[in-house]
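Read through the structure below, which is laid out as structure tokens, and then see the notes.
Nothing in this text is a laboratory measurement; each read-out follows from the coordinates by a stated rule. These numbers come from a predicted model, not from an experiment. Positions of Cβ are backbone-derived with ideal geometry, glycine not excepted, and every protein chain shown enters the neighbour counts.
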Amino acid sequence: MREMYSDSDDTPTAGLRAIFQGARSFGLSEEDAWRTVDDVLHYLGTDATVADYLDELTGAMARGILSTARQQTAPGEPGSASQEPRVPSEQEVL
């Protein structure tokens, strides 16, 4: 896939298609992915560069993926908070 470069440096930036496909492959629905695209556009406004937009979009997609995964993990399933190892507090040790 072709990479986009920001004007400020030579750091490669993932393209919109790659970001979208990655989010979908990690469990974000198509509707949620498009909603995230719209939300980021609205949040950044018209003065943002393409690189700024794509950087913000990757973070927003990652947060959406994590949120979706947390909602799908039911209590008692591996990976849920109730199954994580606990560290005893000082009061429990004393």
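Of note:
- For Gly15, distant residues with modelled amide H under 5 Å away: Met4
- Per-residue HN-Hα couplings for the range 37-44 [Karplus 6.51, -1.76, 1.60; θ = phi - 60°; Hz; x = Gly/Pro]: 4, 5, 4, 5, 4, 5, 5, 7
- Segment Gln71-Glu31, length gained on full extension (0.36 nm per residue, minus Cα span): 12.8 nm
- Calculated FRET value between His42 and Ala62, using beta carbons and R₀ = 25 Å, to 0.05: 0.85
- Using a simple spin-label model with pseudo-atoms 7 Å out from Cα toward Cβ, Thr49 and Gln21 lie 2.6 nm apart.
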